[in-house]
1. Under the condition of being of a type outside the set (A, V, I, L, M, F, W, C) and modelled with pLDDT of 95 or more, which residue from region 203-212 is most open to solvent (accessible area, probe 1.4 Å)?
2. Is region 75-82 home to any residue that is over 30 Å from E161 (Cα atoms) and touching a residue at least 24 places away in the same chain (Cβ under 8 Å)?
3. Taking the stated definitions as given, is I163 farther than 26 Å from D41 by Cβ, touching a strand residue (DSSP E or B) at 6+ places or on another chain (Cβ under 8 Å) and open to solvent by less than 20 Å² (accessible area, probe 1.4 Å)?
4. For region 107-148, which positions are part of a loop (DSSP other than H, G, I, E, B), touching a residue at least 40 places away in the same chain (Cβ under 8 Å) and surrounded by fewer than 24 Cβ atoms within 10 Å (Cβ to Cβ)?
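The values are calculated or read from the model by the stated rules, or taken from the named source; none is laboratory data. Because the structure is predicted, anything quoted here is derived from the model rather than measured. Ideal geometry is used to build each Cβ from the backbone, glycine not excepted, and the neighbour counts take in all protein chains shown. These area figures cover heavy atoms from the full protein model, side chains too; ligands, DNA and RNA do not enter into them. Shrake-Rupley method; radii C 1.70, N 1.55, O 1.52, S 1.80 Å.
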Amino acid sequence: MSAEVRPRLAVSSCLLGDPVRFNGGHSRDRFLTTELSQYVDWLRICPEMEIGLGTPRETLRLERSPDGPRLVTRRGRADLTAPMRSLATARAAALDVDGYVFKAKSPSCGIHGIPLYAGDGVVDRRNRGLFAGAVIDAHPSLAVEDEGRLRDAALREAFVERIFAAARLRSLLAGPWRPRDLVAFHARHKMQVLAHAPEAYRALGRLVATAGTAPREPLARSYARAFRAALARKATVGRNVNVLYHCLGMISERLDRARRADLVEVIESYQAHQVALSVPVTLLRHHARGENAAYVYDQSYLTPYPDPLRLRNHVPS
């Protein structure tokens, strides 16, 4: 199921190898270009190039001012705040993507930890880049990360899960969907939502129950907003264990005692932080498929993204 729709991702173009960095180089990221690129469509963006700075160019920094952070060149003191904000506003208004990967530590594209200067000293390190901050403010439910954070196995898994879920929802709502299509979408994503946000699982169920009577567009907006917010919540070990047992319960009567015991054993091993989530998930998929339990096997939770990405293979800490 996860291979049906290719997520659309905006990306700082230097991360794909475009020579647009201040020094004329790039910051090509291996995961993005050799693994994820097989499954997504990119929207390349370099805000510095788009406001006409060219490359190589003078480095930039954020400086404190009474009106908020200013983006200035380090030596020439040129103030680029207005053109960068204007570009960010225009880009954000037209942005139609399932996620965004920003360049880390950039005063325009960084999403956290960007230093704010006053004179020669740093007075605050809790800032976003000027461009990235405007985009995130305009799209608060958008999945965003930088290439540095994506080196963390758990953060990488969470980001990729979100962009594929968002892409499937976008594909559904962009077409001539009927109430039963939304019901079917929700049915396939119930366990995935439950692993992230049990309260959203119940709220989305109530929304879907109105699919035959509620006005179509307001329902779509409400569902999309709640669905994306749910997937933004962290899927904890405890919530995953809850979902794994839910799935086991759906096929338990079809399994003999030995196979049930095997599943319980691997779920308990995952709960004890001894094996990766891929172990119980793979076994559940195997038994659901073998028993022709389509409702379980078709759950997006069991295949949230293409298997070759191998993102559930880390043991939780």
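1. Just the residues of region 203-212 that are of a type outside the set (A, V, I, L, M, F, W, C), to begin with: 205-206, 210, 212.
Filter again for modelled with pLDDT of 95 or more, leaving 205-206, 210.
Working: G205: 30, R206: 153, T210: 49 Å².
Here the residue is R206.
2. Step one: filter region 75-82 for residues over 30 Å from E161 (Cα atoms), giving 75-82.
Adding the requirement that they be touching a residue at least 24 places away in the same chain (Cβ under 8 Å) leaves 80-81.
Yes, region 75-82 contains at least one residue that is over 30 Å from E161 (Cα atoms) and touching a residue at least 24 places away in the same chain (Cβ under 8 Å).
3. no
4. Once the filter is applied, which keeps residues that are part of a loop (DSSP other than H, G, I, E, B), touching a residue at least 40 places away in the same chain (Cβ under 8 Å) and surrounded by fewer than 24 Cβ atoms within 10 Å (Cβ to Cβ), region 107-148 yields H139, S141, L142, E147, G148.
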